[in-house]
Each structure stands twice: as C-alpha cells, then as structure tokens.
Amino acid sequence: MLTAPDLELLHAIAASGSLAAVAQAEGISPAAVTQRVARLESRVGAPLVVRGPRGASLTELGGLIAEQGAQVATLVGRAQARAETYLGQRSQRLRVGALASTVRPLVADALANVRLRHPSVEPSVVEIGSEAGLVGVRQDEFDVAVVAEYAEPLFADVVQLHRLIRDPLMVAVPDDHQLAGSSGPATLAALAQEDWVSGEPGRRHRTQLDALAREAGFEPRVAYQSESYEVALSLVAAGMAVALIPRTACHPTPGVHVRRVRGAPARTLFAVTAPPAGRAPMVAPMVAALKDLARQ
C-alpha cells in the first residue's frame, strides 16, 4: 500500500534527479534513501527508479506515481500554511465568558492588565451563566470562563478550575428597613416575611438562597425573578424586596443598605480553562491577572 511519504519521495527524486540531493534535503544518508526506494519497489512489485552515472530518474510507473506526489506536496503546503495562520491568530486571541457580576470587579481590569503587557492581544467577552461557561470551555468556545460555585460543587470533568476568591453573600435591604439600623451580621430569619428577588428555581444562587432560608426555618417568597444583581439592587432600592447578593456585586446604590449574613455564607469564583496542553497562549496571562486582582 502506498503512503503519502512514498508519493513525496518519488516526487522529490523526479524534481531533483538525484538520490543524494533528496538525502541532503531530508538530512539523512544516501544509503537511507536507497533503502527507502528498495522497500517501496518491493511493496509495489515493479521498478520505480532508474539509477545512472548522472543521477536518478523515474520509470514510467514511477513517474505516474510521482504526479500524485506533487499533488500531495501541494496539499501539505496548503495545510501547513493554514495551520500557521490559525496558530498565529490563536496566539493573540482571548475569548472570555464571564458572569455579569464578575466583569466590573475582576474581568474588565484583568483584560486591561493583559492588554498593557500584550498590546497585540485580541480580547472578546460574552456574558454567560456558570454552566454555560463550563460547557463553553469544554467545547472550545471560550479560552477562559469566570464562573461561580454556590452551594453545589461545579462539575469540572475535562476542564481545569483556578480558584480566585471567596465572595461572601450579603443581604440587601431598603435603607428604611428595620435591619438598616445596624452594621452587624443579620439573620435571614428576620426576613422570613419579606418579598425576595432572586433567580428562577434551579439556578445556583437561587438554590443557595432556598437552602439558607430552609436552615433559618422558612421558605423565601420570591416575588421577583432576575438573574441580574443590578436589577435586584434596583428593586431593593425601590422598597419592593430584599435580596442576597455577593459582596463583589454590591455596588453602592442609593436607597440600599447592605448587611453581612450570620454564618458567613459565600460563593466562590473560579477561572475555568482547558488543561495546559490545550490552552491558547493568552490564557496564562489572563488567569494570572485575575488572581492578582482577586488578592487585592
């Protein structure tokens, strides 16, 4: 059976007219080229190369096979060029998927730090949920995803998790609420009769709210459903609800008072990447920048 290297060998002999020239081009000895030709002729069952005092030429059959070798060489060259183009583009790209609540405290500044050190970087950011971030890295849609682990552990089978920060959950209440008069940790039981704003059932932060409320002896009445902490803070400011919000997402908002929660519940933020062998070059600087910001 003929192989691509066989076709390329005959094409090289036809082009150079010399076994010695082929050996020099490939960095092997002339004897090694002669042995390859002999093995090829044995497999084909017919002479392919004519050796003479002025070099080497191909038999009629060898010439027919070498024509296909020229096509193989062209295809290999095109494939190599495409690979080099892809790797050149990949070396500069930085596709980030991130929870909306992590962009302001971490992702935006991390991207700015990476661009400062690598001006040719080509970043992009897509707002995602934690599950979508994990799947996106697995399927090579993102180079880095910034996600959150709440009460349930993240399932990281073929990706790598880089712990960034433990992000305490705070309770946000209207500034005229009875709990707004103190700065110490609040108990969720004191909010058992309030309307809440949180995500839809099954979402990770909603699951954690339900679990914490259950421990406090009540089921939260979630009158407003939103995945956005900005929306939650707006509803709290309007006096419509209370909310459980991570500290990194608790931006100063007029009309909102924020308290720590007794027991210090928290979410944990992670950067998600492919295993080391599959990472784009800009991944390491991005993860390093995220970790630096998380330590501040």
- Query: Among the residues of the range 2-48, how many are surrounded by fewer than 14 Cβ atoms within 10 Å (Cβ to Cβ) and on the phi > 0 side of the Ramachandran plot?
  - Reply: 2
- Task: Could you tell me which of the residues A249, A274 is small (G, A, S), in the same structural domain as G97 (by TED's automatic domain parsing) and closer than 21 Å to L164 by Cα?
- Result: A274
- Out of the residues in the range 118-146 that are on the phi < 0 side of the Ramachandran plot and charged (D, E, K, R), state the one that is nearest to the chain's Cα centre (by Cα). D143
- Return yes when R204 is in the same structural domain as H257 (by TED's automatic domain parsing), under 38 Å from the mean Cα position of the chain (by Cα) and free of Cβ contacts under 8 Å to residues at least 12 places away in the same chain and no when it is not. no
- Query: If you take just the strands (runs of 3 or more DSSP E) that sit entirely in the range 83-175, which of them hold at least 3 residues that are in contact with a Ser or Thr (Cβ under 7 Å, 6 or more places away or on another chain)?
  - Reply: 144-149, 160-174
- Query: For residues in the range 19-47 being out of contact with any helix residue (DSSP H, G or I) (no Cβ under 7 Å at 6 or more places or on another chain) and in a loop (DSSP other than H, G, I, E, B), which is nearest to G63 (Cα to Cα)?
  - Reply: G45
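The values are calculated or read from the model by the stated rules, or taken from the named source; none is laboratory data. For clarity, every value in this text was computed on a predicted model and none was experimentally measured. Virtual Cβ from ideal backbone geometry, glycine too; neighbours counted across all protein chains shown.
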